[in-house]
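> This is the structure I have questions about; it appears just below.
The values are calculated or read from the model by the stated rules, or taken from the named source; none is laboratory data. Here the structure is a predicted model, which means the values were calculated and not measured. We place every Cβ from the backbone using ideal geometry, glycine too, and count neighbours over all the protein chains shown. Just so you know, the surface numbers come from the protein's heavy atoms only, side chains and all, with ligands and any DNA or RNA stripped out. Shrake-Rupley method; radii C 1.70, N 1.55, O 1.52, S 1.80 Å.
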Amino acid sequence: MEKILVLDFGGQYDLLIARRVREHGVYAEIFPYNRITVEEIREGGYRGIIFTGGPNSVYDESSPHYDRKILELGIPVLGICYGHQLIAWMAGGEIKSAGNISEYGKTEVTAKSCELFCGIPEKSICWMSHTDYVSGLPDGFEVTAVTENCPCAAMADRKRRIYGVQFHPEVTHTEYGGTVLSNFLFRVCGCTGDWKMDDFIEKTVEKYRRELQGKKVLCALSGGVDSSVAAVLMHRAVGENLTCVFVDHGLLRKHEGAQVVRVFRDRFSMKLVRVNAEDRFLGKLAGVTDPEKKRKIIGEEFIRVFEDESRELGKMDYLVQGTIYPDVIESGKGDASTIKSHHNVGGLPSVMDFEGIVEPLRDLFKDEVRQVGLKLGIPEYLVRRQPFPGPGLGVRIIGEITKEKADTLREADAIFREELEKAGVASSQYFAVLTDTRSVGVMGDARTYGYTVALRAVTTDDFMTADWTRIPYEVLERASGRITNEVRTINRVVYDITSKPPATVEWE
Ligand code: XMP
């Protein structure tokens, strides 16, 4: 398989660069610059190397640098932003501070004819973000693009196939960024784009069929995208030897438990144990109001239930986890030995005795996981499902959690989601929250004293920051009308118009 190495120098866009490369059908893997040696790169079979950006100045002693031999490997290199300056510096060029002519944001770039800019007009818009710039070209290089304030917005040593761009081709603000990357991959590195999800499925199934022959495999299925796709993939590989355990903590959304059973047990004929542990969880949560305590109790009880259940099932050799590539990168910055416990089954590996952990999705991005899920035949509504936190409705019921409150919230939440989906409102995550406020209302001639439900809908790319979704008034009106009519215990509906920050997406 063709591979591109993304050598990370501390930039904020390393994941984005790898994703963009993969969008072109070429497999990319990220390594922090200090976790891979030049010999390992030589042995690694890479078709090309991309140096990422980074916040530093190449002249600072403490800045990330790399062995100059990397430029002599004969593997094409593309440096982006700091990576571009680093190449110039390593190859003997000069870097200067741009002082008060540093450039940020959308900038017009003038490109010369060069294989990297093939198919790109002479003038286009790119995204710049730099304080330093290449002021003196290294031997063998020529300037291939300029902007008004940057005399070397791109450079190339065509003989050695080493390129640098001061701007960011990976961000969508760079008009022809996709073309720059595809030129590098296909024209310079000679890739053909052989990274296909069908191949991934076939190879992964084959690998685990061989490696796990005769082994008993356990999977904690949450019904979320990652664990669902991991489970179906492993089922293809080991069939009857896979047992999935689905813990229903009584804090799931309406019909969620039944849906999971229908899909995995009925449709895929998988061995699925559904543990109805509502009483156990609600018993432990009785009287608890502190948000962190509630989370802890749910997390710990999850492990206890899972332990009890696997004791019943007998010895299991392997545990399947739905870890995906951003989890691996974020927890270990590419360190293969670091295993992040899946959110929803946090801590399981340390308390249970397995021969090993299987993470079939650890090389994939979320959108790739979704593609695999669809190809495996998992229904679209499950694969495209919005995120749902491990502690479930527990973080959406403010104050003490009771069965009555969970049932009330389940109904209101289902109505809100249904109305939003019916109206086709685009939103990244949307749900209802049962606030701890009760207020006075009137129904017919009678006074009511009911719950206040808050509706929450956010628009975001990465959930690190989020904006509240501008839902049309008519949709809010319909949701509010239906909730107060159909859910007896609710007499007031409010809409949460706070962004993140300062609020978080969930209320607890
Ligand atoms: P916050 O509330 O931190 O949420 O802005 C950001 C995203 O993370 C989800 N979330 C969780 N997911 N276990 C999970 O699996 C959790 O404990 C958890 N807490 C928050 C939240 O739904 C949102 O998508």
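> Per residue, how large is the accessible surface of the chain? Use a 1.4 angstrom probe and give square angstrom.
Value for the chain: 44 Å² per residue.
> Given the -39500 (n - 2.57) contribution per DSSP H run of 4+ residues, what per-residue ellipticity at 222 nm results for the chain, rounded to the nearest 500 deg cm²/dmol?
Here the helix-only value at 222 nm equals -9000 deg cm²/dmol.
> Oh, and also: Magnitude of the Cβ-charge dipole of the stretch 93-177, K/R +1 and D/E -1, about the Cα centre, nearest 20 debye? Don't skip to the end; give the middle numbers.
Details: 8 positive and 12 negative charges, 40 e Å.
The dipole magnitude comes to about 180 debye.
> OK, next. Applying a 10 Å radius around every beta-carbon, put 192-204, 269-281, 361-373 in order of their mean neighbour count, most first.
Ranking, from highest mean packing down: 361-373, 269-281, 192-204.
> What's the ranking of 395-403, 441-449, 428-436, 89-97 by average number of surrounding C-beta atoms within 10 Å, highest first?
Answer by packing, highest mean first, reads 428-436, 395-403, 89-97, 441-449.
> Among the listed pairs Lys3/Lys96; Lys112/Lys375; Lys216/Lys366; Lys271/Lys366; Lys203/Lys293; Lys366/Lys422, give every one whose C-alpha distance is greater than 32 Å.
Where the Cα-Cα span goes over 32 Å, the pairs concerned are Lys3/Lys96; Lys112/Lys375; Lys203/Lys293.
> What ranking do 80-87, 416-423 get when scored by the average of other Cβ atoms within 10 Å per residue, highest first? Working shown, then result.
On the way: 80-87: 27.8, 416-423: 17.9.
So the peptides 80-87, 416-423, ranked by packing, come out 80-87, 416-423.
> Compute the Cα gyration tensor for the stretch 3-188, then decide on rounded, prolate or oblate, letting a ≥ b ≥ c be the square roots of its eigenvalues: rounded whenever a/c is under 1.5, prolate when a/b is larger than b/c in the other cases, and oblate in all that remain.
Cα axes put the stretch 3-188 in the rounded bin.
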